[in-house]
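Colleague: This is the structure I have questions about; it appears just below.
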Amino acid sequence: MTKTALITGVTGQDGAYLSKFLLDKGYEVHGLLRRSASADVIDSRLKWLGVNDKVQFHDGNLTDLSGLIRVLQDVKPDEIYNLAAQSFVKSSWQQPLLTGGVTGMGAANMLEATRIAAPEARFYQASSSEMYGLIQEPVQSETTPFYPRSPYAAAKLYAHWMTVNYRESFGLHASSGILFNHESPLRGIEFVTRKITDGVARIKLGLAEDISLGNLDATRDWGHARDYVQAMWLMLQQDIADDYVIATGRTTSVRDFCKLAFAHVGLNMEDYVTVNERFLRPAEVDVLLGDASKAKQKLGWAAETTLEMLVSEMVEADLKRLSRHEHL
Ligand code: NAP
Ligand code: GDD
């Protein structure tokens, strides 16, 4: 029997990869679409993966509970993936209340809508390694205490605990995936990896002279979004809902990510990267390194894409995109 999934954040990086993954599995895929004046570009990621015509869109916004209830009543999903968020950490200091409203309360709205209109549906919440913040253990697992360092992380922590709470209070099949950073050619241009690969491609093609970055010493556990959406799905196929860390188990500095990206096109990063205070944050998350052994044991999930594969795929995609004057 065909399963039906509803994805919030369907126009984002993960929403696009998850749509493709679920469509390939034979799902009927519905996506929540917030109204935008830029309607012509909003499905560009889905287009890039060739699935924009296969997703059924529904107008809605995470901040509008009654609209969410109506969408759930219409779609009657078997699975709900709550991926929508104000997801850029740096912006969360400039827009703390909006971030709290969308990333925190928005998730509570989705849980509440599910409880009211689709209590039998399985629910996935996009939690984040950013919740570990000022890390309390050198390697972070499901049992590591959280210490959020940004309004974004505080909002995600609220959403995470609301997910646990709705599971324990109302018996919702609600799982929370604590995903470490994951990237791809569809990553937003404001995030550091894509900013670097786009910048490297521009420099290589003679379209730019340098890249201006912030803290080069921060390290992240970077994986590929394509691998990570599989873990989301696996969580919802389990009999019992639970929380899982999803990570590669390898951490790399921004500086070393840069070196790899420049080396891919035969250049040295030292010749092109400058540091600009503008890109520093009021409070930094210095190191993230995840232990995904629970996911490996219970879901049979492990990251497949190495950092080197990820960097080369991203640089190649940006070279191609810029050569063809395409934008994303
Ligand atoms: P993304 O590319 O920034 O996508 C965010 C999505 O949320 C977009 O579709 C956006 O719509 C939508 N959205 C924003 N505000 C909304 C609102 N008020 N109502 C409805 N939709 C709204 O994020 P991503 O990288 O795919 O990440 C997906 C989720 O995982 C996010 O919740 C993020 O915080 C979380 N996460 C990401 C990572 C990572 O490394 N990528 C790691 C851990 C957790 P528009 O297209 O209209 O802007
Ligand atoms: N964006 C950005 N731009 N980051 C920079 C820059 C720059 O010019 N220079 C250095 N960095 C550093 C940041 O200070 C941070 O330590 C690191 O690069 C990664 O920044 P982002 O790529 O913006 O990602 P993030 O780790 O803050 O957040 C992402 O991952 C989280 C999971 O840990 C987002 O996808 C979040 O939504 C997600 O929850």
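The values are calculated or read from the model by the stated rules, or taken from the named source; none is laboratory data. Worth saying up front: this structure is predicted, and the values here are computed from it rather than measured. Cβ coordinates were reconstructed from backbone atoms using ideal geometry, including for glycine residues, and neighbour counts include every protein chain displayed. Side chains are part of the model used for accessible areas, which takes the heavy atoms of the whole protein and leaves out ligands, DNA and RNA. Shrake-Rupley method; radii C 1.70, N 1.55, O 1.52, S 1.80 Å.
Colleague: On a 0 to 90° scale, report how tilted helix 13-24 is relative to the longest principal axis of the chain, with both axes built from alpha carbons and the result rounded to the nearest 10.
Modeller: Roughly 60 degrees, rounded to the nearest 10.
Colleague: Which of Leu307, Val29, Pro138 sits farthest toward the positive end of the charge dipole of the chain, with +1 on the Cβ of Lys and Arg and -1 on the Cβ of Asp and Glu?
Modeller: Val29
Colleague: What angle do you read, to the nearest 10 degrees and between 0 and 90, between the alpha-carbon axis of helix 65-75 and the longest principal axis of the chain?
Modeller: Result, in degrees: 80.
Colleague: Now for a different question. For region 1-83, what is the per residue volume of the convex hull drawn over the alpha-carbon atoms, in cubic angstrom? Write out the running numbers ahead of the final one.
Modeller: On the way: hull volume 6.9 nm³, N = 83.
Measuring per residue, one finds 83 Å³ for the Cα hull of region 1-83.
Colleague: 222 nm [θ] for the chain, helices only, -39500 (n - 2.57) per DSSP H run of 4+, per residue, to 500? Write out the running numbers ahead of the final one.
Modeller: Details: 12 runs with 128 residues, N = 328.
It comes out at -11500 deg cm²/dmol, rounded to the nearest 500.
Colleague: Across bins of 5 angstrom width beginning at 0, how are the C-alpha pair distances of region 280-328 distributed, in whole percent?
Modeller: Percent of Cα pairs in each bin: 5, 14, 12, 12, 15, 17, 15, 9, 2.
Colleague: At 7 Å along the Cα-to-beta-carbon direction for both Asn165 and Ile189, put a label point, then send me their distance in nm to one decimal.
Modeller: It is 3.9 nm.
Colleague: Can you check what the net charge comes to around Gly60, using other residues whose Cβ is under 12 Å from the Cβ of Gly60 (Lys, Arg +1; Asp, Glu -1)?
Modeller: Numbers: positive: Arg34, Arg35, Arg70; negative: Asp59, Asp64, Asp74.
Net charge in that neighbourhood comes out at 0.
Colleague: Please work out how much accessible surface Trp161 shows to a 1.4 Å probe, ignoring ligands, DNA and RNA, in Å² rounded to 10.
Modeller: My reading of the accessible area for Trp161 is about 140 Å².
Colleague: Quick one: of Lys47/Lys320; Lys90/Lys294; Lys3/Lys294, which pairs are farther than 20 Å apart, Cα to Cα? Kindly include the intermediate steps, with their values, before the conclusion.
Modeller: Numbers: Lys47/Lys320 16 Å; Lys90/Lys294 30 Å; Lys3/Lys294 27 Å.
Check vs 20 Å cut-off fails for Lys90/Lys294; Lys3/Lys294.
Colleague: Return the carbon/sulfur percentage of the accessible area of the chain, one whole number, probe 1.4 Å, all protein chains in place.
Modeller: Values: 7070 of 14380 Å².
With neighbouring chains kept in place, the figure for the chain is 49 percent.
Colleague: At what distance in angstrom do the alpha carbon centres of region 16-46 and region 245-287 lie from each other?
Modeller: So the two Cα centres are separated by 30 Å.
Colleague: For region 1-150, go through all pairs of different Cα atoms, get the mean of 1/r, take its inverse, and jot down that Kirkwood value in Å. Before the final figure, lay out the partial values.
Modeller: On the way: mean 1/r = 0.0614 Å⁻¹.
Across region 1-150, the inverse of the average 1/r is 16.3 Å.
Colleague: Please state the shape class of region 126-273: rounded when a/c is under 1.5, otherwise prolate if a/b exceeds b/c and oblate if not, all from the C-alpha gyration tensor. Spell out each step's value before the answer.
Modeller: Details: a/c = 2.73, a/b = 2.16, b/c = 1.27.
It comes out prolate by the Cα gyration axes.
Colleague: Kirkwood Rh, Cα Rg: Rg to Rh for region 166-217?
Modeller: On the way: Rg = 18.5 Å, Rh = 14.1 Å.
Answer for region 166-217: 1.31.
Colleague: Here's something else I'd like to know. For the residue pair Met309 and Asp271, what label-to-label distance in nm results when each label sits 7 Å from Cα along the Cα-to-beta-carbon direction?
Modeller: 3.1 nm
Colleague: As a test question: what accessible area, to the nearest 10 Å², does Glu304 have when a 1.4 Å probe is rolled over all protein chains in place?
Modeller: Estimated to the nearest 10 Å², Glu304 gives 130 Å².
Colleague: Here's a follow-up. What's the angle, to the nearest 10 degrees (0 to 90), between helix 225-236's Cα axis and the longest principal axis of the chain?
Modeller: Orientation of helix 225-236: about 20 degrees from the principal axis.
Colleague: On average, how much accessible surface per residue is there in the chain, in Å², for a 1.4 Å probe, leaving out ligands, DNA and RNA?
Modeller: Working: 14380 Å² over 328 residues.
Value for the chain: 44 Å² per residue.
Colleague: How many angstrom lie between the Cα centre of region 310-324 and the Cα centre of region 70-145?
Modeller: Cα centroid of region 310-324 versus Cα centroid of region 70-145: 30 Å apart.
Colleague: Let me ask something else. Modelled label-to-label distance, His325 and Asp239, 7 Å Cα→beta-carbon offset: nm?
Modeller: 6.0 nm
Colleague: Ignoring ligands and nucleic acids, what accessible area does Phe57 show with a 1.4 Å probe (Å², nearest 10)?
Modeller: The accessible area of Phe57 comes to roughly 70 Å².
Colleague: Now a separate question. Using only the heavy atoms of the protein chains and a 1.4 Å probe, how would Met105, Met269 rank by accessible area, largest first? Walk me through the numbers before you get to the answer.
Modeller: Numbers: Met105 100, Met269 15 Å².
The most accessible residue leads, giving Met105, Met269.
Colleague: Additional query: Take the chain, connect every pair of alpha-carbon atoms lying under 10 Å apart with a spring to form a Gaussian network, then pick out the residue of Thr63, Thr274, Thr99 with the largest mean-square fluctuation.
Modeller: Of the options given, Thr274 has the highest mean-square fluctuation.
Colleague: So, one more: Counting Lys +1, Arg +1, Asp -1, Glu -1, what net charge surrounds Asn165 among other residues with beta carbon under 15 Å of its beta carbon? Show your work: numbers first, answer last.
Modeller: Details: positive: Arg115, Lys156, Arg167; negative: Glu112, Glu168, Asp242, Asp243.
Net charge in that neighbourhood comes out at -1.
Colleague: Here is a follow-up. Please compute the Kirkwood hydrodynamic radius over the chain, one decimal place, Å, based on all pairs of different Cα atoms. Mind dumping the intermediate values first?
Modeller: Values: mean 1/r = 0.0497 Å⁻¹.
With all distinct Cα pairs of the chain included, I get 20.1 Å.
Colleague: If you count, for each residue, the other Cβ atoms within 10 Å and average over each peptide, how do 280-286, 128-134 line up from highest to lowest?
Modeller: Details: 280-286: 14.3, 128-134: 23.4.
Put in order of decreasing packing, that is 128-134, 280-286.
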